[in-house]
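Right, one structure below, let's go through it.
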2 protein chains.
Amino acid sequence: MENIYASIITIGDELLIGQVIDTNSAWIAQQLNKIGIAVKNRISIGDDALEIKIALDFENQNTDVILITGGLGPTNDDITKELLCDYFSGKMIVDQKALENVKYLFEQVYHKPVSEVNLKQAEVPDVCEVIPNRRGSAPGMIFKKDGSIFISMPGVPYEMMGIMEDVIPYLQQQFELPAIVHKTILTAGIGESALAEIIKDFEDNLPKEIRLAYLPNYGMVRLRLSTSGFDKVKTEKAISDQFLQLKKLVKDYMVVDDDETMQQVLGKMLLQNKKTISTAESCTGGSIASLITSVPGSSAYFEGSIVSYSYEIKETLLGVKKETLEKYGAVSEETVREMLSGLLAKMNTNYGIAVSGIMGPGGGMPDKPVGTVWVAVGSKEKQVVKKFKQRFARAKNIEVTAMMALNLMRSFLVNELVN
Amino acid sequence: MENIYASIITIGDELLIGQVIDTNSAWIAQQLNKIGIAVKNRISIGDDALEIKIALDFENQNTDVILITGGLGPTNDDITKELLCDYFSGKMIVDQKALENVKYLFEQVYHKPVSEVNLKQAEVPDVCEVIPNRRGSAPGMIFKKDGSIFISMPGVPYEMMGIMEDVIPYLQQQFELPAIVHKTILTAGIGESALAEIIKDFEDNLPKEIRLAYLPNYGMVRLRLSTSGFDKVKTEKAISDQFLQLKKLVKDYMVVDDDETMQQVLGKMLLQNKKTISTAESCTGGSIASLITSVPGSSAYFEGSIVSYSYEIKETLLGVKKETLEKYGAVSEETVREMLSGLLAKMNTNYGIAVSGIMGPGGGMPDKPVGTVWVAVGSKEKQVVKKFKQRFARAKNIEVTAMMALNLMRSFLVNELVN
C-alpha cells in the first residue's frame with residue numbers, strides 16, 4: 001500500500017490578476033485530506049491553453065489525482081472544456097442528462113428561456129465520464145490517462161462543492177486509502193515564538209512521522225499535529241498520546257482542543273448552560289454579531305446587537321451619558337462600561353459584549369492612536385474591561401478586535417460557569 | 001522590449017490541508033499587475049524541501065521574477081530560509097540591521113524578552129540582499145540566479161504587505177515594464193450567460209489584444225477588459241473606446257464603471273448627498289452593517305444598526321407589532337416594513353435597510369423554505385420591499401443577501417437622488 005497524492009489546478013485569469021481569492025483549493029484540500037489523499041501542490045493558471053497543458057503534463061507526472069476547477073462557463077473566455085477534449089483526444093458530443101439538467105434549471109429554477117449559449121453547456125468530450133451538476137449547468141468530467149485520474153469541475157464554489165459530493169466516494173472506490181489524522185489545539189493570548197519556547201522539548205522529541213505546525217490567525221495560534229497510516233487504530237493511538245502531552249503544556253492558553261472556531265466554542269458554552277448573549281458594537285460595526293450568527297442554530301442563545309456608530313445612538317439606544325462621552329470620549333473604559341450596562345438592560349440577556357475603538361486609517365489622536373480598543377464583557381452582576389492595541393490595517397484590526405472580544409467573553413464564561 | 005512574467009510560490013502545509021485560505025497570492029498579483037508584471041502562475045506547496053526545490057527549478061525556467069511567501073517563522077516547521085541558503089549556495093550570517101530590528105520589536109513594541117529562537121530570525125544567507133521587515137522579525141530576501149530574481153517574504157499577510165512596499169520600486173528599477181490596463185464594470189441583477197447574450201457581437205468583434213472576462217461573485221457579475229502595451233497613451237485609448245461601447249450595452253445592469261465594491265458605491269452616494277443610513281438586520285446578523293463600516297470614513301453616513309435576532313427584540317427595539325409577528329411570521333413583507341419604520345424612528349436616519357429571512361440549514365418551512373428573504377429599503381416617505389430566494393449554504397446565503405440588500409438600497413437611491 002502506498003500513499004495517494006493529489007494536485008489541484010485552478011484556472012482563470014481572475015486568479016492571476018488578484019481580482020478573486022481562490023477559496024476552492026483550500027476547501028478541496030480539506031475534503032481530500034479527510035479521506036486520506038494528501039495534496040502535494042496547488043497551482044493557479046490563466047485561461048491560456050499552453051499554460052494549462054504545461055500544468056496538466058507536470059501534474060500528471062507528479063500525482064495520482066488531478067482536480068481542476070474553472071473555465072467551464074458558457075462564455076468565450078472559458079476554454080477548459082475544449083482544451084481537455086483536445087488533450088485527451090476526444091470529440092464533443094451532447095450528454096443527454098446534462099441537456100435535460102440545463103433545460104430543467106432554466107425552465108423550473110431560473111424561470112428564464114434557455115439560450116443557445118446555455119445549451120452548449122450540455123456538450124462534453126466523448127472520452128470522459130460525466131458527473132451531474134445539480135447546482136448549475138456545467139457538468140463535472142472524469143478523464144483517465146497514464147494511470148492518473150483527472151477531474152474537471154466548475155469554478156463557482158457552490159457548484160464545485162455539489163459535484164465533490166460525488167467525487168469523494170468515487171475516489172474512495174478507486175484507491176485503497178490510508179487514514180490521515182490531524183489533531184488541533186486553538187490557543188489565544190500568546191504569540192507563535194513564545195509558544196515555541198514552551199513546547200521546545202516536546203517538539204524536539206516528537207517522532208518523525210508526526211508533524212507539528214503553528215498556524216497563526218486573527219491574533220490566535222492553532223497548533224496542529226498530523227500523521228498518516230494504513231493501520232487506523234495504531235495511527236490514532238500514536239497521535240493521541242502526543243496530543244495529550246501537548247495539551248498539558250499549553251493548557252493556560254488553550255481555547256479548545258478541537259478544530260473549532262472561537263464562535264463555535266462560545267456558542268456551545270452558552271447553549272449547554274442555557275444562557276443568552278447580545279453585543280453593543282461601535283468600531284467592529286456588527287462583525288461580532290455576524291461571527292456569532294455565522295454558527296447555525298445561534299438563535300438559541302443570541303438575542304441581537306446594537307451597532308452604535310455615532311455618539312447619538314450610543315446615548316439614545318444604549319443610554320451612555322452625554323457627560324461620559326464628552327469627558328472620556330467614545331473610546332474609553334467608562335463608555336464601554338455604560339454601553340455594556342445599557343445593552344444588558346435593553347436586550348435582557350445573561351451576558352453581553354461592548355466594544356469601542358479606532359480602527360483607522362483616520363481617527364487617531366495623540367493619546368488614542370489608531371488601534372486603541374476598549375472591550376467590556378460580563379453580566380449585570382460582574383464585568384471585565386480590557387484595553388487592546390491593534391497594529392494592523394483597518395480590515396485586519398476589525399477582525400482581530402472581534403476575535404479578541406469573543407475570547408474575552410469566553411474566558412469570562414469559563415470562570416463564571418465553573419464557579 | 002518584452003513582457004516580464006512573474007510566478008508566486010506560497011509555502012506551508014496549512015495551504016495543502018486547507019486549514020488556511022491563501023489570500024497573499026491574490027494581493028501580490030494585484031500589486032504586480034499594477035506595475036505591468038504579468039503573473040503566469042501561482043503554486044502552493046508544503047513545508048517539504050524536495051517539493052520546494054522542484055517548484056523553484058520549474059519557475060526559474062518559466063518566469064523572470066519568483067515571489068515566495070511563507071516558511072520563514074521562528075519554529076521548526078519553517079524550512080524556507082535554510083533551504084534557500086542551500087539552493088543559492090550561501091551560508092548563514094547575522095544581519096546587523098535585522099538583529100537590531102528584532103531587539104527593537106521585542107523591547108519597544110511587544111514588551112517581551114527576546115529569546116534565542118527570535119534572535120535566529122536575524123540570520124540570513126550571505127548571498128542575498130536583505131529587505132527590512134518593519135512589521136515583524138523575519139526579513140525579506142532577494143536572490144538572483146540565471147537571470148531570474150527570487151524574492152522571499154514571510155507568510156503573515158500584514159508583514160508581507162509591508163515588505164512589498166520596498167519590493168515594488170525595486171522591481172520597477174530592474175525592468176522596463178509595459179502598462180497593463182484593466183477596466184471593470186460591476187453589474188447586478190443579471191446572470192453571466194444572459195450578459196453574454198447581450199454583448200455577444202461586441203465580444204466577437206473585440207480586437208485580439210483586448211481580453212474580456214466575466215467574474216461572477218455574490219450574485220453579481222464583474223465584466224473586465226484587459227490589455228497591455230509599452231505605449232501607455234495608445235493602450236489607454238484603445239481600451240477606453242471599447243469600454244465605452246461595453247458600458248452602453250450593459251447600462252441597465254451597471255452598478256459602477258470602476259473596480260469598486262457595492263459598499264463603496266453606496267457610501268459615495270450617501271456622502272455626496274449628505275445623507276445618513278442605518279440597518280435593521282435579522283438573518284444577516286450584522287453583516288450588512290459590517291460591510292458598510294468596512295469602508296474607511298463610513299461614520300460620516302452610517303449611524304448604526306439594530307440586529308434583532310429574536311421576536312422579543314423585534315418588538316421591543318424595532319416596534320414590530322406582536323400581532324404582525326404572530327399573523328405573518330418574522331419572515332414576511334409586513335414584518336420587514338415594520339422593522340424599517342421602527343428603525344428609521346429609532347435611528348433618525350434618512351434611509352434604512354431592513355432584512356428578515358431563513359439562511360439555513362435549519363428553520364425552513366413548507367411555505368417559507370430555507371433561502372426565503374424579505375428586504376425593505378427606503379425612507380420615512382417611501383419604501384420598496386422585495387422578496388429574494390437564495391439557493392446556497394448558510395454562509396453564502398448570508399453574503400449574497402447582504403449584497404442584494406445593499407444593491408436594492410443603491411437602486412432606490414439612484415431614483416431618489418436623481419428625481
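Taken together, the values in this text are just the output of simple stated rules run on the coordinates, not laboratory data. Small disclaimer: the values here were computed from a predicted structure and weren't measured. No Cβ is skipped: glycine too gets one built from the backbone with ideal geometry, and neighbour counts run over all protein chains shown.
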TODO: Can you spot the lysines whose alpha carbon is less than 27 Å from A:K275's alpha carbon? Ignore those fewer than 8 places along the same chain.
DONE: A:K251, A:K314, A:K346, A:K380, A:K382, A:K386, A:K387, B:K314, B:K321, B:K322
TODO: With chain B rotated onto chain A, spot the residue of B whose Cβ lies nearest the axis and note the distance in whole Å.
DONE: B:G286, 1
- [ ] Starting from the Cα of B:K120, draw a straight line to each of the lysines and keep only those under 25 Å, dropping any in the same chain fewer than 8 residues away.
- [x] A:K200, A:K208, B:K53, B:K81, B:K91, B:K97, B:K103, B:K112, B:K144
TODO: Calculate the spin-label point distance for B:E326 paired with A:D259, positioning each point 7 Å from the Cα along the beta-carbon direction, and give it in nanometres.
DONE: 4.8 nm
- [ ] At q = 0.14, 0.22, 0.27 Å⁻¹, work out log10 I(q)/I(0) for the stretch A:179-256 with the Debye formula, treating every Cα as an identical point scatterer and leaving solvent out; two decimals please.
- [x] -0.43, -0.98, -1.34
Task: Computed P(r) (all Cα pairs; the stretch B:4-174; 10 Å bins; percent) - done: 10, 41, 37, 11, 1
TODO: Go ahead and set up a Gaussian network model of chain A, Cα springs under 10 Å, then flag whichever of A:Y351, A:Y328, A:Y301 fluctuates most.
DONE: A:Y328
- [ ] Extending each Cα 7 Å along its Cβ direction at B:E333 and A:A345, get the distance between those two points in nm, one decimal.
- [x] 3.9 nm
TODO: Taking just the C-alpha trace of the stretch A:1-88, give me its Rg and Dmax in Å.
DONE: 13.2, 44
TODO: Please give the helix A:394-418 orientation as an angle from the longest Cα principal axis of chain A, in degrees from 0 to 90, rounded to the nearest 10.
DONE: 70 degrees
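Test of understanding: ordering B:L340, A:L413 by Cβ neighbours within 10 Å, fewest first, what list do you get? It would help to have the intermediate numbers written out before the result.
Working: B:L340 28, A:L413 22.
Neighbour counts put them in this order, fewest first: A:L413, B:L340.
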Task: Over chain A, relative contact order from alpha-carbon pairs under 8 Å, at least 6 apart, % - done: 10 percent
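Students often check this: by mean Cβ neighbours within 10 Å, which of A:136-146, B:247-257 ranks highest, and how do the rest follow?
On the way: A:136-146: 20.8, B:247-257: 15.6.
Highest-to-lowest ranking by the protection proxy: A:136-146, B:247-257.
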Open item on the list: Test of understanding: ordering B:Y87, B:Y309 by Cβ neighbours within 10 Å, fewest first, what list do you get?
Closed with: B:Y87, B:Y309
Open item on the list: I want to verify a result. In a Gaussian network model of chain A, Cα cutoff 10 Å, which of these has the top mean-square fluctuation: A:R134, A:R222, A:R211?
Closed with: A:R134
Task: Average partner coverage of A:272-282, which counts Cβ from other chains inside 10 Å - done: 2
TODO: Using a Förster distance of 41 angstrom, determine the FRET efficiency expected from the C-beta separation of A:Q245 and B:V233, and round it to 0.05.
DONE: 0.05
Task: Helix axis angle, B:49-62 relative to chain B longest principal axis, alpha carbon, degrees - done: 90 degrees
TODO: Beyond 29 Å, what share of the Cα-Cα pairs of the stretch A:262-418 is found? Please give it as a whole percent.
DONE: 11 percent
TODO: Normalise the Debye intensity by I(0) for the protein assembly as shown, one equal point scatterer per Cα, no solvent, then take log10 at q = 0.04 Å⁻¹ and round to two decimals.
DONE: -0.18
TODO: Sort A:S25, B:S411 so that the residue with the fewest other Cβ atoms within 10 Å of its own Cβ comes first and the one with the most comes last.
DONE: B:S411, A:S25
TODO: Take every residue in peptide A:184-194, count the Cβ atoms of other chains within 10 Å of its Cβ, and give the average of those counts.
DONE: 3
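Scale the Cα Rg of chain B by the rule-of-thumb value 2.2 N^0.38 Å and send over the ratio, two decimals.
That works out to 1.20 for chain B.
Tell me what chain A gives for mean residue ellipticity at 222 nm when only DSSP H runs of n ≥ 4 count, each as -39,500 (n - 2.57), the sum divided by the residue total, rounded to 500 deg cm²/dmol.
-12000 deg cm²/dmol
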TODO: Please give the FRET efficiency for B:K386 paired with A:I21, using the beta carbon to beta carbon distance and R0 = 45 Å, rounded to the nearest 0.05.
DONE: 0.95
